Amino acid sequence: MSNWLDQKIKPMFKKPDFWSVSKILIFAIFFLFLIYPFGSLFIRSFMDVDGKFTMENFQTFFTYKYYYQTLFRSLNVAVVTTISSVLIGVPLAYITTRYNVWGKRIVNVMIVMSLMSPPFIGAYSWIMLLGRNGVITNFLANIGIHTPSIYGYFGIILVFTLKLYPYVYLYVKGALEGIDSSLEEAAENLGMSKWRRIMTVTFPVILPTIAAGAVMVFMSSLADFGTPMLIGEGYKVLPVLVYEEFMGEMSGNPGLAAALSIIVVACSLTVLLYQKRVVAKKQYSMSTLRPPKVEKLRSVPRVLMTLLTFFVAIVTFLPQIVVVFTSFMKTSGPMFVSGFSLDSYKTIFYKLGRNISNTFIFSSIAIVVIIVIGIIIAYLTTKRRSKSSDLLDILVMFPYVIPGAVLGIGLMLAFKQGPLVLVGTPAIMIIAYVIRKMPYTVRSSSAMLQQVDQSVEEASINLGVSPMRSFFKVTARLMLPGIISGAILSWISTINELSSSIMLYTGKTATISVAIYTEVVRASFGTAAALASILTVATIISFAIFSIISKGKVSVV
């Protein structure tokens, strides 16, 4: 009887190991802070103000031009931004990888740095340059040249393109460096011209990578809130409409805001799934033992190519330069006047010190949580593959396609009342950052973990060390460069986060990005520049640490 129990019953009640318990806890966290909020958002989109089921919110959207026109505007902005980003990013990546232009490393750093900064800082900077009282606008007006307005559709496209084309550039650059040169040499040996070889061999091979970068640009421009809010003026897009409908809760319509949020997410998911389906049919695998050679140009073409790449990189990096420069200028109300001072910095440390401390305290706590949970998820999805770990991988990446404002609305609806009230507390800000920024750390840790030989951990376990101790004592240490690199990327994007913060903040939990937004709206450009400079310097330092630790082995996208 005893043996029968040992063989039949006890295995059914096997003591769960560390990884099983961790997986259950992580699923519980994602259910509570991702599925439940998004489910609340979905349900709210089908409810009227009295809490009764209705289709009126969606009916209103598709009936009134004011609402559905914003969807067409958002799609228009996203499509045009994607096309212009590809037109800049692909040729620039080809030039910097295939020709011996000078200063490639500097160009690369400037482009990556511009990608790391928040889009709304770009919008603010271009207002400083090309706004109604902008530096370039006034200079050109003095010599009789009147520039078109930066506000509206043109300004949104300009800021988004300069901010987001680095996605295409970095993706394509990596793909071009990984092509087997024998493929292109074979085409040329068969008599193909250079142009025909590029169009019939090189371009088809990197097409899936271009598509991946283009989707990143499309989703980012479709979901961004800060740039169209600051520079769009009368050209209203869907994320701005969501914000207005939700934040004007006394006079607005939270149900309609929820319906609009569902439509934004549906658009992003549709494009992402379509891209994955297309790319799955056009995957190429090749040996990278013979990377392509860098072509040596003659002096004149080399100088021209170098000037072209630096021109694009400097224009891309210009917002960061403008922000830091204007932060030291004297101001008189909303106007900058001649002379330099530290008054803007004195003002922000006196009036907005809480915003600054909140940013770094909330982000630090979020990063600790992201690292602890992220490395466990990376291990579960890489070394312990199963259907449940595949589902976990999808849950981790889902916030990547959800606009921050939508996640913020979902968290507000879920935790505004009931047994767990978090709205108005620092906890809800930290939770939003953890859920939204975790993919960076998970992806970076997973990439490093794939290079770790499983036998090292198994040897530790065979020597009598428990699986949990073996993981933290052996495997986690080997993963450390990937963990730190991913955590720094999560940190950079967290301190710059605006979309979810603007939905969740209160007077006591506001952050730097929220303060920049409110200062720009109040036309306090000097203090906005000082605040933005703090973020820029923090981003530069963080990126420098990332580059040193990763040694160029981990991509930022």
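Some values worked out for this structure:
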item: Near pairs, Cβ below 6 angstrom, 6+ apart or cross-chain, from region 47-58 (open to solvent by less than 40 Å² (accessible area, probe 1.4 Å)) to any residue that is not in a strand (DSSP E or B); result: 54/48; 57/45; 57/255; 57/256; 57/259; 58/259
item: Any helices (runs of 4 or more DSSP H) falling wholly within region 435-499 and containing at least 1 residues that are open to solvent by 60 Å² or more (accessible area, probe 1.4 Å) and in contact with a Phe, Trp or Tyr (Cβ under 7 Å, 6 or more places away or on another chain); result: 467-470
item: Of residues in region 88-100 being of a type in the set (A, V, I, L, M) and under 25 Å from the mean Cα position of the chain (by Cα), the one most open to solvent (accessible area, probe 1.4 Å); result: 88
item: Yes/no for residue 508 being surrounded by fewer than 24 Cβ atoms within 10 Å (Cβ to Cβ), within 29 Å of residue 414 (Cα to Cα) and more than 22 Å from the chain's Cα centre (by Cα); result: yes
item: Cβ-Cβ under 7 Å pairs, at least 6 apart or on other chains, region 408-425 side under 19 Å from residue 262 (Cα atoms), far side open to solvent by 40 Å² or more (accessible area, probe 1.4 Å) and hydroxyl-bearing (Ser, Thr, Tyr); result: 414/36
item: Region 331-350, subset without any contact (Cβ under 8 Å) to a residue 40 or more places away in the chain and open to solvent by 80 Å² or more (accessible area, probe 1.4 Å), residue nearest to the chain's Cα centre (by Cα); result: 349
item: Odd one out for residue 510 among (1) under 18 Å from residue 121 (Cβ atoms); (2) in a helix (DSSP H, G or I); (3) touching a residue at least 40 places away in the same chain (Cβ under 8 Å); result: (2)
item: Some residue of region 94-103 being modelled with pLDDT under 95 and within 22 Å of residue 221 (Cα to Cα); result: no
item: Answer residue from region 386-408, given it is modelled with pLDDT under 90 and crowded, with 22+ Cβ neighbours inside 10 Å and is nearest to residue 363 (Cα to Cα) among those; result: 404
item: Region 101-118: number of residues that are more than 23 Å from residue 209 (Cα to Cα) and open to solvent by 20 Å² or more (accessible area, probe 1.4 Å); result: 3
item: Which numbered condition residue 70 misses (of (1) open to solvent by 20 Å² or more (accessible area, probe 1.4 Å); (2) polar (S, T, N, Q); (3) farther than 22 Å from residue 496 by Cα; (4) assigned to a helix (DSSP H, G or I)); result: (1)
item: Single unsatisfied condition, residue 258 versus (1) at pLDDT 85 or above; (2) among the small types (Gly, Ala, Ser); (3) open to solvent by 30 Å² or more (accessible area, probe 1.4 Å); result: (3)
item: Test: residue in region 109-122 that is assigned to a helix (DSSP H, G or I), within 25 Å of residue 307 (Cα to Cα), of a type in the set (S, T, N, Q) and touching a Leu at 6+ places or on another chain (Cβ under 9 Å); result: yes
item: Residue check for residue 323: surrounded by 13 or more Cβ atoms within 10 Å (Cβ to Cβ), at pLDDT below 90 and not in a strand (DSSP E or B); result: yes
item: Of the criteria (1) under 22 Å from residue 90 (Cα atoms); (2) without any contact (Cβ under 8 Å) to a residue 12 or more places away in the chain, which one residue 312 fails; result: (2)
item: Hits in region 409-434 (condition: outside any helix (DSSP H, G or I) and either in contact with a Cys (Cβ under 9 Å, 6 or more places away or on another chain) or of a type in the set (Gly, Ala, Ser) (or both)); result: 418, 424
item: Selected residue [open to solvent by 20 Å² or more (accessible area, probe 1.4 Å), touching a Phe, Trp or Tyr at 6+ places or on another chain (Cβ under 8 Å) and in contact (Cβ under 8 Å) with a residue 12 or more places away in the chain] from 171, 243, 167; result: 243
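The values are calculated or read from the model by the stated rules, or taken from the named source; none is laboratory data. Here the structure is a predicted model, which is why all the values come from computation and not from measurement. We place every Cβ from the backbone using ideal geometry, glycine too, and count neighbours over all the protein chains shown. Areas reflect the complete protein model, heavy atoms only, side chains present, ligands, DNA and RNA absent. Shrake-Rupley method; radii C 1.70, N 1.55, O 1.52, S 1.80 Å.
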